[in-house]
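The values are calculated or read from the model by the stated rules, or taken from the named source; none is laboratory data. Just so it is clear, the structure is predicted and the values come from calculations on it, not from any experiment. Because the Cβ atoms are built from the backbone with ideal geometry, glycine has one as well, and the counts that use them run over all protein chains shown.
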Amino acid sequence: MLRQILEPSLVIPERYRNVQFEVKNGEPVYGMVLKEDADTVTIQTGASEALIKSLKKSEITERQVQASSLMPLGLLNSLSKEQIFDLLAYVESGGTVPAHEHGK
């Protein structure tokens, strides 16, 4: 898990791959594909549900899967070793382990 946090683009599950869409008469659109049918592609362009949009396939001129993760590099750079251990314990527990105080 630590390696995945340190190298977020090492393995990207298909569900979390970012895709760039070129659309007719518009700016490129980036997002994760939520669902797709014969006529539309529904994507999420950010963390909020308000950022879910549908693109008409007839308007898409190009689709390119991105090789890098949306998760930025360096997320642990500002944490101490103890804080990183606490974070890993919390994530691995599914969020059920309370944080504890480390000795100074």
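Here are a few things to note about the model shown:
- Residues located in region 64-79, provided they are touching a Pro at 6+ places or on another chain (Cβ under 6 Å) and modelled with pLDDT under 85: 71
- Residue that is nearest to residue 7 (Cα to Cα) [pool: residues in region 68-81 that are surrounded by 11 or more Cβ atoms within 10 Å (Cβ to Cβ) and under 19 Å from the mean Cα position of the chain (by Cα)]: 73
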